[in-house]
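Encoded as structure tokens, the structure appears first; notes follow it.
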Amino acid sequence: MNISDDDIKIVLLGDVGVGKTNLMNVFFKQEFKNNPFSTTNPYCLQKEIKRGKNTYTYSIWDTAGQEKYRSITKQFIRDAKIILLVYAIDNRKTFDDIDDWINFIKENKEEGKYLVALIANKCDLMDEQKVSDEEGEEYAKKLGFEFLITSALLSAESFRKFVIELINNYIHIIKQTETETKKKSSGNIKINKKEEAKQNKKKKCCKNN
């Protein structure tokens, strides 16, 4: 499938109450809800983005954070291209549980190129902060993840820009992969042509004899 026809699937993962639903909603400029219902079934919103001559469709999936819905959630991360791990800065457990979510990804993700980023949400609650900015940043750095401190309530634009940059990075990676594949394929063709020339030369020699 051509990348311009591909769906760049983005999945939000994290414990219940970290603000995944509001992050997705404000990204698409929908209403922020102070007390949104907990997500039980994954759902997505889609949008198109143009890069050069190509138009890409990307979808952001909101998933359930509760343990009892993990069997459903794992079906939606298998072919994800970008995974956003979200914790809330005012809830220490949601940060500590990131390790479990990383293991969850490793156990259920299909092979292939994908990006993972760590999102520290609810920075509007600085007075109730339980996880420092430095700790979150250091953890992301150790894992090689991109890192963002944001707030679905106050910093929606920073989240939008961050996700768009991740999409751009993913498109760049795929284009590089396609270029490398074409080069390898082209190299194989050249080798085959050389082999064919040798065979033809041998045939001519046999005829002369």
Q) Across region 91-104, which residue is nearest to the chain's Cα centre (by Cα) among those that are more than 17 Å from F76 (Cα to Cα) and among the β-branched types (V, I, T)? A) I98
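Of the residues that sit in region 105-129 and are surrounded by 14 or more Cβ atoms within 10 Å (Cβ to Cβ) and either over 15 Å from the mean Cα position of the chain (by Cα) or among the basic types (K, R) (or both), which one is nearest to Q75 (Cα to Cα)? Can you show your working first?
Kept after step one, since they are surrounded by 14 or more Cβ atoms within 10 Å (Cβ to Cβ), are these residues of region 105-129: 105, 108-109, 114-125, 129.
Narrowing the set further to residues that are either over 15 Å from the mean Cα position of the chain (by Cα) or among the basic types (K, R) (or both) leaves 109, 120-125, 129.
Numbers: K109: 9, A120: 25, N121: 25, K122: 28, C123: 30, D124: 33, L125: 33, Q129: 33 Å.
That would be K109.
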Q) Which ranges mark the helices (runs of 4 or more DSSP H) fully within region 73-151 that have 2 or more residues being closer than 14 Å to D15 by Cα? A) 92-96, 98-108
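Kindly provide the set of residues from region 138-167 that are under 14 Å from L23 (Cα atoms) and within 15 Å of the chain's Cα centre (by Cα), ordered by number.
From region 138-167, those under 14 Å from L23 (Cα atoms) are 148-164; that's our starting set.
Within region 138-167, L148, F159, R160, K161, F162, V163, I164 meet the criteria.
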Q) Between a first residue in region 103-123 that is of a type in the set (D, E) and a second residue that is modelled with pLDDT under 95 and in a loop (DSSP other than H, G, I, E, B), which pairs have beta carbons less than 9 Å apart while being 6 or more apart in sequence or on different chains? A) E110/R78; E110/D79; E110/A80
**Q.** Qualifying positions in region 152-186 - closer than 24 Å to A120 by Cα, touching a residue at least 60 places away in the same chain (Cβ under 8 Å) and assigned to a helix (DSSP H, G or I)
**A.** A156, F159, R160, V163, I164, L166, I167, N168, Y170
Q: State whether one or more residues within region 39-52 are at pLDDT below 90, under 25 Å from Y139 (Cβ atoms) and of a type in the set (S, T, N, Q).
A: yes
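Condition test on I164, is it among the β-branched types (V, I, T) and either within 27 Å of T55 (Cβ to Cβ) or surrounded by fewer than 16 Cβ atoms within 10 Å (Cβ to Cβ) (or both)?
yes
The values are calculated or read from the model by the stated rules, or taken from the named source; none is laboratory data. Computed from a prediction, not measured in an experiment: that's the story for all the values here. Note: ideal-geometry Cβ built from the backbone for every residue, glycine included; neighbour counts use all protein chains shown.
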